[in-house]
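Remarks on the structure that follows.
The values are calculated or read from the model by the stated rules, or taken from the named source; none is laboratory data. Treat the numbers as computed from the prediction; the structure is a model and nothing was measured. For neighbour counting, all protein chains shown are included, and Cβ atoms are generated from backbone atoms with ideal geometry for every residue, glycine included.
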Amino acid sequence: LVQWYTETNPESAREAKDAASVLPGGNTRTVLHQLPFSMALESGKGTLVTSKDGVEYLGFVSEYSAGMYGHSHPQIHKAVHEALDIGINLGSVIGKETEFANLIKERFPSMELMRFTNSGTEANTMAIAAAIGYTKQEHILVFKNGYHGSTLTFGENKPVTNLPHKFIVGTYNDIEATRRLLRFGIAAILVEPLQSAGGIIPATGEFLKFLRDAATTLNAVLIFDEIVTSRLDFYGLQGYHSIKPDMTTLGKYIGGGFSFGCFGGRKEIMQQFDPTRSAGHLAHSGTFNNNVFTMTAGIAGLKLTLPGEISRINALGDRIRESINELAEQHGLKDEVKAVGFGSMVGVHFQNRGGQLLRDVFYFELLKRQVVIGRRGFIALNLMHTEAHVNQFVNVASDSLGLLGRNLKEITLDV
Ligand code: PMP
């Protein structure tokens, strides 16, 4: 398969070689790094992407969840043109940030006041700063396999340095183990209501409610990182679970496909950023925080992301999960393959005998059939996906899993 991939993607191979001379590993975003080399794309339209080698694929990566609108959605396209005519970044307040903030607040009423940033990493960094400033405490409770940004990652791939905070790392979804870590002195509990990079693992409602109560008891700030999960319910997973965090961070799709992050929450906490407060206000700046592109595209995007549309793609995700699990059973892979997740986000996990190898074979077999997912088994649906696309995916997955099932012994022997 690797030989097939190498032979059929000579342009991507060339790109990778050129890139490696100026970018470590030929890349500027580690998640995109893959062996033998990453596929370079030329363009995207709707749910389709075209490689530099001229092959068109049905895409299920959706920009690792940020691509809620597919590629070149007409409404977003229009908004971007409008932004070009207005001016890209005016270095002033522009009014659109207020309209955008109000649209966000409609979905996240717990965000009484908010500020924009350029990335999710920055949003979480600022939320932590706000919690420390507000509580005057310094420990931050996070969870194993949590991912809150490039410098805030708690999985196996450690960053060069985590931001210099006193982190306590708990076990996700484990109430008893977490209870043993609770102590006064915790400024914030930072949690994803579904671990995205950690494998599309939803938190249980009980776990989130336990964290809510713990934060209240300890006078700590509960921060929900809804950077990914805001796409799973019109009111985010906080709405779904009816839990009100003290702060929320957002990013990814909410920026309409442009660089974006947002942090906000209870008025008393967020007022620290009000420069009119005489003493000890927290500074927060950022050249591109209210750039015209993100504000305009974000507004246009949120107007498209209506509850009915979110439910529709969530149901498509349910179908993918159910189909993969049924196919795994049919093809004798029940112990090897399991699809998990929530709504429009699916994680396909390969476990036991040669899990990683099976995962790679599945990925390449899908590619052969002109379907692309994230190599780690990542699937995110977007508003352009229809039932027909899901049918196509299920057919192709059936062929690929059938082949895996028939060859399981040989594949395992190779490990
Ligand atoms: N939090 C979560 C839950 C994320 O998945 C990500 C990005 N994958 C981030 C934060 C960081 O966002 P950004 O890449 O925009 O810095």
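Tabulated data
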quantity	calculated
Test for Met384: is it out of contact with any helix residue (DSSP H, G or I) (no Cβ under 8 Å at 6 or more places or on another chain) and of a type in the set (A, V, I, L, M, F, W, C)	yes
Out of Gly308, Gly280, sole residue that is more than 16 Å from the chain's Cα centre (by Cα) and modelled with pLDDT under 95	Gly280
Verdict on Ile128 being assigned by TED's automatic domain parsing to the domain that holds Tyr240 and more than 15 Å from the ligand (Cβ to nearest atom)	no
Hey, Phe100 crowded, with 22+ Cβ neighbours inside 10 Å, within 16 Å of the ligand (Cβ to nearest atom) and not assigned by TED's automatic domain parsing to the domain that holds Leu316 or not	no
Matching entry among Val22, Val31 (being out of contact with any helix residue (DSSP H, G or I) (no Cβ under 8 Å at 6 or more places or on another chain) and surrounded by fewer than 18 Cβ atoms within 10 Å (Cβ to Cβ))	Val22
The range 173-203: number of residues that are farther than 18 Å from Ile227 by Cα and out of contact with any His (no Cβ under 8 Å at 6 or more places or on another chain)	11
Residue in the range 340-356 that is in contact with an Asp or Glu (Cβ under 9 Å, 6 or more places away or on another chain), at pLDDT below 95 and part of a helix (DSSP H, G or I) present	yes
Inter-residue pairs, beta-carbon under 7 Å, first over 16 Å from Arg369 (Cα atoms) and in the range 1-16, second surrounded by 14 or more Cβ atoms within 10 Å (Cβ to Cβ) and charged (D, E, K, R), 6+ apart	Pro10/Asp53; Glu11/Lys52; Glu11/Asp53; Ser12/Lys52; Ser12/Asp53; Glu15/Lys52
Filter result for Gly205 (surrounded by fewer than 19 Cβ atoms within 10 Å (Cβ to Cβ) and within 16 Å of the ligand (Cβ to nearest atom))	no
Any hit, the range 71-80, residues being outside any helix (DSSP H, G or I) and in contact with a His (Cβ under 8 Å, 6 or more places away or on another chain)	no
Criterion (touching a Lys or Arg at 6+ places or on another chain (Cβ under 6 Å) and touching a residue at least 40 places away in the same chain (Cβ under 8 Å)) met by exactly one of His284, His331	His284
Any hit, the range 32-40, residues being free of Cβ contacts under 8 Å to residues at least 40 places away in the same chain, within 16 Å of the ligand (Cβ to nearest atom) and aliphatic (A, V, I, L, M)	yes
Contacts under 7 angstrom Cβ, first residue in the range 383-394 being within 15 Å of Thr305 (Cα to Cα), partner surrounded by 14 or more Cβ atoms within 10 Å (Cβ to Cβ) and among the hydroxyl-bearing types (Ser, Thr, Tyr), 6 or more apart	Leu383/Tyr69; Met384/Thr47; His385/Thr47
Selection within the range 208-228 - within 16 Å of the ligand (Cβ to nearest atom) and touching a residue at least 60 places away in the same chain (Cβ under 8 Å)	Ile223, Asp225, Glu226, Ile227, Val228
Flag if Arg359 is closer than 30 Å to Gly54 by Cα and part of a helix (DSSP H, G or I)	yes
Condition met for Thr151 (in contact with a Pro (Cβ under 8 Å, 6 or more places away or on another chain), within 16 Å of the ligand (Cβ to nearest atom) and not aromatic (Phe, Trp, Tyr))	yes
Test: residue in the range 28-36 that is under 19 Å from Glu365 (Cα atoms), modelled with pLDDT of 90 or more and touching an Asp or Glu at 6+ places or on another chain (Cβ under 7 Å)	no
Residue in the range 171-184 that is touching a residue at least 24 places away in the same chain (Cβ under 8 Å), closer than 19 Å to Gly343 by Cα and either β-branched (Val, Ile, Thr) or buried (at least 19 other Cβ atoms within 10 Å of the Cβ) (or both) present	no
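Here's the yes/no breakdown for (1) buried (at least 23 other Cβ atoms within 10 Å of the Cβ); (2) within 12 Å of the ligand (Cβ to nearest atom); (3) small (Gly, Ala, Ser):
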site	(1), (2), (3)
Thr121	no, yes, no
Leu141	yes, no, no
Asn162	no, no, no
Val169	no, no, no
Val191	yes, yes, no
